[in-house]
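Step one of this worksheet: look at the structure below.
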Amino acid sequence: MHAFGSQVIPVSNTEILMIEDDIQDVEIVTRLLGKEKQSSIMLNHCPTLHAGLDTLREQSKIDLVLLDLSLSDAQGLETFRKIHEAFPNIPLIILSGNSDERIALEAMQQGAQDFLVKGRFDSTVLTRAIQYAMERQHQRLELEYKNLALKALSDQLAVANLELERLAAVDSLTRVYNRRRFDEVFLTEWNRLLREEKPLSLIMCDVDHFKAYNDTYGHQAGDLCLEKIAQTIAKVAKRPADCVARYGGEEFVVVLPNTDISGATHVAEAIRGAVHNLNLPHSTSPISNRITLSLGVACQVPDEAIAPSLLIEAADRAMYTAKEGGRDRMQVHYADCAVNLQSRQTLQWVSRLRDALEHNQFELYAQPIQALQANTSEPCFEILLRLCDQPGIVCSPGMFFPVAEQYDFMPRIDRWVIKHLFADLGEINSLMLQEAIFFVNLSGATFKNMEIASFIAEQLARHNLRPEQFCFEVSETVALKNIEAAAQLTKALKDMGCKVALDDFGSGLSSFTHLKKIPADFVKIDGSFIRGVVDDDMSKGVVEAIHHVSKIMGLQTIAEYVESRAILDLLNDFHIDFAQGHYFGPARPLVDTLATWQTTAYTERLSA
C-alpha cells in the first residue's frame, strides 16, 4: 500500500476492469500483476468499449479502468472521453502502443490518471501506477467533497449574513426599520432628489401620553401597542420607496420621496385615522379614550445650501407644535426648512463637531475599490468618515459637512482623519497579508494651506508608513477654484511618494487643459454619470470620453457609485480600470473592512 498524507490507499483487494481487444496484452498485464505477491488484484476483461461500458454500469465495485485507445468499436482519445464522461469518479489509466507524448499529455489534461506505453513497463511500474492513480482520484474526490461542503457552508453564511443585515436594519420590537436604517435611506433619498430637483417629505409621529399607557397597562401591553401602531403606519405608507422607521421610544418617522406637502399631508391624515381605527383603549389619556398620534409634516426640495438635518428638525418642530396644540392632530411646517431653524440647528451642529474633535467621536470607515482592467494585486480602499457621538446612531458626512465647511472645521477634520488612519495602520500594517492603497479625501480648505504636506510627512515618519500606500483625492471643482494652490500641494505630495486622484471628475464640466497642471495618477469619474450610464446616452458618452482622454494622459480611471451588474458590465466594455460602489460592498468600519479582506484573501490563497 502507499501512503498519501494521512490516507493509505491499498492495492490489495482491488477490482480492475481492462478494456482491451488484444488477448495477448491482457495476458501480459495479468502476469505482471500476479508477480506482486503482496497484492490480490482481480482483473476483469472486456474486448470492446461497448462491453466495457455495460460492465461498469452493472458492476459497482470496479475500482479502476485500464483502457486501450485502439479498440474495434472506438479509436483514439474519443474512447477515453466516452468512459470518463460516463464514469468520472473511476480512475483511469490509458494503455497504448502509441508513444506520442502529445496524446499522453492531452489525455492527462482531460482527466486520465496515467498513461503507460505497452511493452515499456514492468510489474513494479504497473502496480505503482495503479496505486498512484487511485490515490490521486481519492484526493480529487475528497477535495471535491470538501469544496462542496465549503460551498454549502458559504451559501449558508451568505443567507445568514443577509438575515443579519436585515436584522441590523430592522427594529426587533416593531418590525419596521430602525433609526440607523432611516438615516441611510433619508440621506440617500436626499441626494437622489437633490439631483432630480424633486420634493422629499417627512412625517414625524409620536404616540400621545404613552408613558401613562405603559403605567396603566404594563410594558408588555406597551410593546404590543407600539408594534400594532408601527405595522399600521407601514400599511399606509406602502410605496416601494417609502420608508417607515422607529425613530426612538414611541416616535416613528416616515420618509416619502417624490411627495409634495399636499401628498404628505394626505398620508399623515391617513396614518392618524388608521391608528384611530385600531381602537386601542387608553383610559388614562386626558384627550381620548383610545390611543392617538401627534404628527408633524415637513417638505423640502433638497438644496446644496440646506443641511439635510434641517428637514428632520422641521418635521420634529411641527410634531411638537401639534402636541402643544392639544395632541391627536397633525401640524404642517409650511416655511422653507432653512427659515427660522437654520441658526438653532447650526449652533447644535457646531457644538457637536467641536465635541467630536475633542473627544474622538468620529469613526473611520472604508469602502473597497475593485480592480477591473487595472493590472494590480494591491487592494484599494477609500477612507470615509462617520460621526458617532450619539449611542446607536451613525451620521454620514452629508449631515454635517455643510456646517463643517461653513464654520471652517474641515482642515481640523482632515488632520483628524490622517492622524487616526496612520495611527491605526501603524499598528496593524505588519499583520496584513500585503500592503493596501488607501484613498483619502482632502477638503478645499485644506488645499489652501501647504502645511498639510509637512503634517502628512511627519505622520508617515511617526508611524513608519510608506507614502506609496496613500492616494490623496482633490475634487475637480476644488482644484479649479485655485488651480495654482492645488498644483503646488499635489506636486508636494507626489514628490513625497504619495499618489493623487482627481475626484468627482466631470461634475464641474471643466477641461483637461486646466487639470494638466495637477500631477494626478487617477481620475474618479463623477457618480452622477455612472448612475445614468446604462440608460442615458449622454452619460455614456461622457464616461467614455473621460476614460479615453485619461488614458492618453497616462491616468487610471475609477468609476464611483457602481450599484448594479448592468453598470459594471458597461464599465468593463469601456475598459475602466477600477470601480467602487454598493455592488461590491458598502462602507463599513475600517477595521471590519480590513478583517473581511484579510479573511477573503487568505481563503483565496488556500484554494489557489
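Residues checked against (1) out of contact with any Cys (no Cβ under 8 Å at 6 or more places or on another chain); (2) modelled with pLDDT under 90; (3) over 25 Å from Phe472 (Cβ atoms):
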position	(1), (2), (3)
Val562	yes, no, no
Arg565	yes, no, yes
Phe578	no, no, no
Asp592	yes, yes, no
Ala608	yes, yes, yes
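Just checking, which of Ala168, Ala221, Ala212, Ala230 is open to solvent by less than 90 Å² (accessible area, probe 1.4 Å), not in a strand (DSSP E or B) and not assigned by the TED database to the domain that holds Val301? Spell out the reasoning first.
Numbers: Ala221 fails: not assigned by the TED database to the domain that holds Val301; Ala212 fails: not assigned by the TED database to the domain that holds Val301; Ala230 fails: not assigned by the TED database to the domain that holds Val301.
Step by step, each of Ala168, Ala221, Ala212, Ala230 is checked, and only Ala168 is open to solvent by less than 90 Å² (accessible area, probe 1.4 Å), not in a strand (DSSP E or B) and not assigned by the TED database to the domain that holds Val301.
Name the single residue that is farthest from Arg180 (Cα to Cα) among those in region 235-248 being touching a helix residue (DSSP H, G or I) at 6+ places or on another chain (Cβ under 8 Å) and open to solvent by less than 40 Å² (accessible area, probe 1.4 Å).
So the first thing to find is which residues in region 235-248 are touching a helix residue (DSSP H, G or I) at 6+ places or on another chain (Cβ under 8 Å), and the list is 235-237, 241, 243-248.
Cutting the leftovers down to open to solvent by less than 40 Å² (accessible area, probe 1.4 Å) gives us 237, 243-245, 248.
Numbers: Ala237: 19, Cys243: 12, Val244: 12, Ala245: 9, Gly248: 11 Å.
Ranking the qualifying residues of region 235-248, first place goes to Ala237.
In the list Ile393, Ile452, which residue meets the criterion of being among the aliphatic types (A, V, I, L, M) and farther than 22 Å from Pro586 by Cα?
After ruling out the rest, the residue left standing is Ile452.
Within region 498-539, how many residues turn out to be in contact with a strand residue (DSSP E or B) (Cβ under 9 Å, 6 or more places away or on another chain), among the acidic types (Asp, Glu) and at pLDDT below 90?
So the answer is 3.
Between Asp424, Asp408, Asp503, Asp495, which is part of a strand (DSSP E or B), of a type outside the set (A, V, I, L, M, F, W, C) and either closer than 24 Å to Asp303 by Cα or out of contact with any Cys (no Cβ under 7 Å at 6 or more places or on another chain) (or both)?
Only one candidate qualifies: Asp503.
For region 113-133, which positions are open to solvent by 70 Å² or more (accessible area, probe 1.4 Å) and either within 50 Å of the chain's Cα centre (by Cα) or closer than 22 Å to Lys82 by Cα (or both)? Spell out the reasoning first.
First, the residues of region 113-133 that are open to solvent by 70 Å² or more (accessible area, probe 1.4 Å): 119-120, 122, 128, 132.
Across region 113-133, the qualifying residues are Arg128, Tyr132.
Being within 22 Å of Val542 (Cα to Cα), without any contact (Cβ under 8 Å) to a residue 40 or more places away in the chain and not hydrophobic (A, V, I, L, M, F, W, C) is the requirement here; does Ser475 meet it?
So Ser475 passes the test.
Just to be sure before I move on: is Gln139 in contact (Cβ under 8 Å) with a residue 40 or more places away in the chain, in a helix (DSSP H, G or I) and open to solvent by 70 Å² or more (accessible area, probe 1.4 Å) in the structure I sent?
yes
Taking the criterion of being open to solvent by less than 30 Å² (accessible area, probe 1.4 Å), closer than 30 Å to Pro286 by Cα and in a helix (DSSP H, G or I), would at least one residue in region 181-190 satisfy it?
No; the residues of region 181-190 include none that is open to solvent by less than 30 Å² (accessible area, probe 1.4 Å), closer than 30 Å to Pro286 by Cα and in a helix (DSSP H, G or I).
Residue-wise test of (1) loosely packed, with under 14 Cβ neighbours inside 10 Å; (2) modelled with pLDDT under 95; (3) not hydrophobic (A, V, I, L, M, F, W, C).
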{"position": "Leu256", "(1), (2), (3)": "no, no, no"}
{"position": "Val275", "(1), (2), (3)": "no, no, no"}
{"position": "Ile306", "(1), (2), (3)": "no, yes, no"}
{"position": "Arg317", "(1), (2), (3)": "no, yes, yes"}
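Looking at Leu173, is it under 19 Å from Val275 (Cα atoms) and among the aliphatic types (A, V, I, L, M)?
yes
Quick grid of which residues meet (1) within 20 Å of Asn13 (Cβ to Cβ); (2) part of a loop (DSSP other than H, G, I, E, B):
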{"site": "Thr30", "(1), (2)": "yes, no"}
{"site": "Met42", "(1), (2)": "yes, no"}
{"site": "Val65", "(1), (2)": "yes, no"}
{"site": "Arg81", "(1), (2)": "no, no"}
{"site": "Glu85", "(1), (2)": "no, no"}
{"site": "Leu95", "(1), (2)": "no, no"}
{"site": "Ala104", "(1), (2)": "no, no"}
{"site": "Gly111", "(1), (2)": "no, yes"}
{"site": "Thr127", "(1), (2)": "yes, no"}
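Yes or no, residue by residue, for (1) crowded, with 17+ Cβ neighbours inside 10 Å; (2) modelled with pLDDT of 85 or more; (3) over 30 Å from the mean Cα position of the chain (by Cα):
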{"residue": "Gly326", "(1), (2), (3)": "no, yes, yes"}
{"residue": "His333", "(1), (2), (3)": "yes, yes, yes"}
{"residue": "Cys337", "(1), (2), (3)": "yes, no, yes"}
{"residue": "Leu353", "(1), (2), (3)": "yes, yes, no"}
{"residue": "Ala356", "(1), (2), (3)": "yes, yes, no"}
{"residue": "Leu364", "(1), (2), (3)": "yes, yes, no"}
{"residue": "Gln370", "(1), (2), (3)": "yes, yes, no"}
{"residue": "Asn375", "(1), (2), (3)": "no, no, no"}
{"residue": "Leu387", "(1), (2), (3)": "yes, yes, no"}
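Which residues, taken from region 65-92, are crowded, with 22+ Cβ neighbours inside 10 Å and within 16 Å of His138 (Cα to Cα)?
Within region 65-92, Val65, Pro91, Leu92 meet the criteria.
In this structure, is Ala486 farther than 17 Å from Glu560 by Cα, surrounded by 18 or more Cβ atoms within 10 Å (Cβ to Cβ), assigned by the TED database to the domain that holds Ala579 and not acidic (Asp, Glu)?
yes
Among the listed residues Asp63, Asp73, Asp21, Asp68, identify the single one that is in contact with a Leu (Cβ under 8 Å, 6 or more places away or on another chain) and closer than 22 Å to Thr124 by Cα. Give the steps one after another, and end with the answer.
Details: Asp63 fails: in contact with a Leu (Cβ under 8 Å, 6 or more places away or on another chain); Asp73 fails: closer than 22 Å to Thr124 by Cα; Asp21 fails: closer than 22 Å to Thr124 by Cα.
From the options Asp63, Asp73, Asp21, Asp68, the qualifying one is Asp68.
Consider Val542 carefully, then state whether it is part of a helix (DSSP H, G or I), buried (at least 21 other Cβ atoms within 10 Å of the Cβ) and without any contact (Cβ under 8 Å) to a residue 60 or more places away in the chain. Walk me through it before giving the result.
Numbers: part of a helix (DSSP H, G or I): yes; buried (at least 21 other Cβ atoms within 10 Å of the Cβ): yes; without any contact (Cβ under 8 Å) to a residue 60 or more places away in the chain: yes.
So Val542 passes the test.
Select, from Lys198, Lys151, the only residue that is surrounded by fewer than 16 Cβ atoms within 10 Å (Cβ to Cβ) and closer than 20 Å to Asp260 by Cβ.
Of the residues listed, the single one that is surrounded by fewer than 16 Cβ atoms within 10 Å (Cβ to Cβ) and closer than 20 Å to Asp260 by Cβ is Lys198.
For Gln110, indicate whether it is within 21 Å of Asp63 (Cα to Cα), touching a residue at least 60 places away in the same chain (Cβ under 8 Å), in contact with a Phe, Trp or Tyr (Cβ under 9 Å, 6 or more places away or on another chain) and open to solvent by 40 Å² or more (accessible area, probe 1.4 Å).
The answer is no for Gln110.
Tell me which residues, restricted to region 427-457, are among the hydrophobic types (A, V, I, L, M, F, W, C) and outside any helix (DSSP H, G or I).
The answer is Met432, Leu433, Ala436, Ile437, Phe438, Phe439, Val440, Leu442, Met450.
The values are calculated or read from the model by the stated rules, or taken from the named source; none is laboratory data. Keep in mind that what you see is a predicted model, and the values were worked out from it rather than measured. Note that we place each Cβ from the backbone using ideal geometry, even for glycine, and neighbour counts take in every protein chain shown. Ligands, DNA and RNA are excluded from the accessible area calculation, which covers all protein heavy atoms including side chains. Shrake-Rupley method; radii C 1.70, N 1.55, O 1.52, S 1.80 Å.
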